[in-house]
Each structure stands twice: as C-alpha cells, then as structure tokens.
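Novice: Structure below; questions to follow.
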Amino acid sequence: MLDQISRLRQEVQQRLTALQVETAPILDELSRLEKLAASLDDFYRNPQRANNTTIGFVASAQATARARVLPSSSTTTPHDDFTFPILESLHELGGAATRDAVLNKVENKLKDQLTPRDFERLRSCGDVRWRNRASFQRKNMIREGLLRSDSPYGKWETTPQGRDYLKENLVMLKNIFGEDYAKMGHPEI
C-alpha cells in the first residue's frame, strides 16, 4: 500500500513538473501582455500626451514603458525610438527621400522626446548626435528588411516589409485611440 502511494505521489509530482514547464512560456507571455496593456492604458487615459508621440515599437512592452519615462538631460534617445518616425516620414515623403528630408520630418515628430544631449555635436563627425543615431538606426532597419539596401547614395527607401510594419502599427494605433487618432498627427492608412 505504501508503495502504491509513493508511486502515485511520484506520478503527481512528475505531472506537476511537466505542467510547470508547459505553462512557463504562457505565463511569460501573459506578463508581457499585462505590461503592454498597462502602457497602452496610460496612453488611452492621457491622449494629450500621445500627440506627436510614436509607439511603433509597441511590440516590445519594455520599450513602450521606457517611452513613458521623461528623459533626463544626460540621456540620449534610444536607437529603436527612431524606427517608426523614420518609416512614417518616408511614407509621408512618398516612400523615398534624402537623409536630410527624412530627418527634418523625424525631428518634428520627436521634438518633445529629444533631449538636450541629443542636440550636442559629435566631435568625431560634427553631426548632431540624434541625427547620427537615426542614421545608425537606418542601418539596423536595412538589416531588418524595413529599408532598401540598394538605394542610391543619400537616398532612403522603404521596402514592402517596411510599409507593412508601418501599416500594422498605424492600424493598431487607430484601433487603440479611435477618434483621438486623428489628433495625433499620424498619416491616414
């Protein structure tokens, strides 16, 4: 009788261990989605803060939460924060434009997010820090397939994948903000 109880106890323990292993990814995803929901709820409750704010990086709850924190004067805007404004600017410019044309639009979109440090000139090249970082992010976007790698020198162009990425994020924003979406300054989809 004790042997049966012991075997039954081992079976139950094995099943519990297997269930914990199976449910771990689900619990991780649930935690990520809860964080994302909290960030989106903050946007929804404060739509005036959403004006001219881009959340194309919504897929990452961590990045979304980071965007809500007001930057200090000693920090710089993270590279990833340039992805959505670059794609949005290129869309507004017909899908292709010069670096300067794109970055002038990006500056307008991120004017409330860029920090004093972002506007410092780099000794190494003389470029403004945020423009240099946005240009670096362009290289990352090429690797990700969002921008074309074979564009003529000085020209930035979106790929079909980049247009899809932009459209998916704009649809998500429109669904989240409803009537307030028009006030945010994003292009119509």
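Since every read-out is calculated from the coordinates, none of them should be taken as a lab result. None of these values were measured; they are calculated from a predicted model. Positions of Cβ are backbone-derived with ideal geometry, glycine not excepted, and every protein chain shown enters the neighbour counts.
Novice: According to a simple spin-label model (label point 7 Å from Cα along Cα-to-Cβ), what is the distance in nm between GLU11 and ALA24?
Specialist: 2.6 nm
Novice: Starting at the first residue of segment 77-88, write each ³J(HN,Hα) from the Karplus equation 6.51 cos²θ - 1.76 cosθ + 1.60 with θ = phi - 60°, in whole Hz, x for Gly and Pro.
Specialist: For segment 77-88, the Karplus-derived couplings read 5, x, 3, 4, 5, 8, 4, 5, x, 5, 5, 5 Hz, x marking Gly and Pro.
Novice: Please list, or write none, the aspartates and glutamates whose alpha carbon is within less than 19 Å of the alpha carbon of LYS167, excluding same-chain residues fewer than 8 places away.
Specialist: Of all the aspartates and glutamates, those that pass the test against LYS167 - Cα under 19 Å, at least 8 places apart if same chain - are ASP80, ASP81, GLU88, GLU92, GLU144, GLU157, GLU179, ASP180, GLU188.
Novice: Output wanted: per-residue J couplings in Hz (rounded whole) for segment 150-163, from phi through Karplus 6.51 cos²θ - 1.76 cosθ + 1.60, θ = phi - 60°, x for Gly and Pro.
Specialist: Once rounded to whole Hz, the list reads 9, 5, x, 3, x, 10, 10, 9, 7, 9, x, 5, x, 5.
Novice: Structure shown: which of LYS35/LYS139; LYS139/LYS174; LYS35/LYS174; LYS105/LYS155 lie over 26 Å apart, alpha-carbon to alpha-carbon?
Specialist: Values: LYS35/LYS139 29 Å; LYS139/LYS174 28 Å; LYS35/LYS174 20 Å; LYS105/LYS155 15 Å.
Too far apart for the 26 Å limit: LYS35/LYS139; LYS139/LYS174.
Novice: Can you tell me how much longer the chain between SER124 and TYR153 gets when fully stretched, taken as 0.36 nm per residue apart minus their C-alpha distance, in nm with one decimal?
Specialist: Working: separation 29, 0.36 × 29 = 10.44 nm, distance 2.13 nm.
Result: 8.3 nm gained on full extension.
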